[in-house]
Amino acid sequence: MTNSTLNTKHSSLQQTLAADLKELKAAGLERRRRLLESPQGARVTVDGRDYVAFCSNDYLGLAAHPELIEAARAGAARYGVGAGASHLVLGHSAAHHELEERLAAFVGLPRALLFSAGYLANIGVVTALVGRGDAVFADRLNHASLNDAALLSRAEFKRYPHLDLAALERLLSASRARRKLVVTDAVFSMDGDIAPVPGLIALCERHDAWLLVDDAHGFGVLGRAGRGVLAHFAARSPRVIYMATLGKAAGVFGAFVAAQEEVIEWLLARARSYIYTTATPPLLAHALLKSLDLIEREDWRRDGLSKLIIVLNQIVISRRWRLMPSTTAIQPLVIGANEEAVAVSRALARDGLLVPAIRPPTVPPGTARLRISLSASHSVHDVERLARSLNEIERAVPRTGSSVPD
């Protein structure tokens, strides 16, 4: 094949991508990144301007906490910066080991295993536990990582309507799979509602299935002392495999899986996204030990979040948009059209308020929304300001959503 032929093929690929990108832009699905120039927090500097941000998953306001910064410095001084190897070669430090033990005790399960990210944890768990001849049963609004994990596992993939336990039971009853795994978000990241974990456990016990609970948005926030969704419901079962991330409420980075001894040993031996990934920097594990201390002892952060949720719901009065029912830090305002959601987000930004517009494929078509993320570092005044701005913008924005007056 000549260079001319190669160049022609490359040019054709570029043209195809350019056309596809043009279609995305026309559909209001173009993606752009903002440049964060400050530490994460309720008040940030983005692209040279100061904002009050309702964008992050830093629900407890720990991402820039001075005690975590100091713990990270101490961890770097003790362990260096990089882990240098995978956990199974020479990357599993004393900090990683202590953190795993603390996390298992914190969520009340026998063992825990650290992963580099929640995506990798879900991929590792699902593909290690099920394969051909098995079946995965998933809530239709689960996070993409759970869906991708099910597809990669090559198990039969069954999705049930959101939170519909009756539909799930019908699927479980009809299944003749060798091994069954139910997978669900604990707090759904775009809706803010909570999975009925006790009911899911009961179904799994009745139909001999495992239950993987992704508590990325509940860990640190739900339950006594922030111990997560299992504590929130006082739910326990040896069938539960619990996953949570450490870059949201915990304010740092990474993820962990907690479960029975045999499950963790199997993941250690067979979870490819654990085995073939460099361990996270041990300084982060050292910082997370301090994060767990703060989560456990500072109930005022969770109490403050609860107050802010009430304030937002009391002030937002929407006639065309819908503030979804949620008792969590995730407060979605469904707008509908992609262009209108983007226009409202831009109008808020002009007022110095950052709230992201979430569009398909992250959410179903026709349900584009603002994903309002509250944090313990927000003040009541911050939330009142946001709510009143939303009320004013709704009165001003045209129904077509094409633009919002300045």
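Values quoted throughout were computed directly from the atomic coordinates according to the rules given, and no laboratory measurement underlies them. These numbers come from a predicted model, not from an experiment. Here the Cβ is made from the backbone with ideal geometry for all residues, glycine too, and neighbour counts use every protein chain on show.
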Simple SL model, points at 7 angstrom along Cα→Cβ for ALA18 and SER38; separation in nm is 4.0 nm
For LYS158, which lysines qualify as cross-link partners when the Cα separation must be under 30 Å and same-chain residues fewer than eight apart are set aside? LYS180, LYS248
Please state the shape class of segment 66-296: rounded when a/c is under 1.5, otherwise prolate if a/b exceeds b/c and oblate if not, all from the C-alpha gyration tensor. prolate
Pull out the extension gain between ALA234 and HIS97, defined as 0.36 nm times the separation in residues minus the alpha carbon to alpha carbon distance; nm, one decimal. 46.6 nm
For segment 66-296, what relative contact order do you get, as a whole percent, if you take Cα pairs closer than 8 Å and at least 6 residues apart? 31 percent
Ordering of 53-60, 30-37 by burial proxy (mean other Cβ atoms within 10 Å per residue, highest first): 53-60, 30-37
Just subtract the alpha-carbon distance of ASN391 and ARG154 from 0.36 nm times their residue separation and send over the number in nm, one decimal. 80.6 nm
LYS307 neighbourhood, Cβ < 13 Å, K/R = +1, D/E = -1, net charge -2
I'd like the FRET efficiency for LEU268 and ALA144, computed as 1/(1 + (r/R0)^6) with the beta carbon distance as r and R0 of 25 Å, rounded to 0.05. 0.50
Under a cut-off of 14 Å between alpha-carbon atoms, report the aspartates and glutamates in cross-link reach of LYS22, not counting same-chain residues fewer than 8 places apart. GLU30
Ordering of 189-197, 153-161 by packing [mean C-beta count within 10 Å, highest first]: 189-197, 153-161
If you project the alpha carbons of segment 322-384 onto their three principal axes, what span does each projection cover, largest first, in Å? 33, 28, 17
Take each of the peptides 228-237, 345-354, average the number of other beta-carbon atoms within 10 Å over its residues, and list them starting from the highest. 228-237, 345-354
Between ALA27 and ASP47, what is the label-to-label distance in nm when each label sits 7 Å out along the Cα-to-Cβ direction? 2.3 nm
Quick one: check the C-alpha center-to-center distance for segment 47-87 versus segment 110-173, whole angstrom. 30 Å
With point charges of +1 on the Cβ of Lys and Arg and -1 on the Cβ of Asp and Glu, referenced to the Cα centre of segment 321-400, which listed residue (VAL334, ALA387, VAL355) lies farthest in the positive direction of the dipole? VAL334
Just from its helices, what would the mean residue ellipticity at 222 nm be for the chain, if runs of 4 or more DSSP H residues each count -39500 (n - 2.57) and the sum is divided by every residue, rounded to the nearest 500 deg cm²/dmol? -13500 deg cm²/dmol
Taking Cα pairs under 8 Å and at least six residues apart, what relative contact order does the chain come out at, in percent? 21 percent
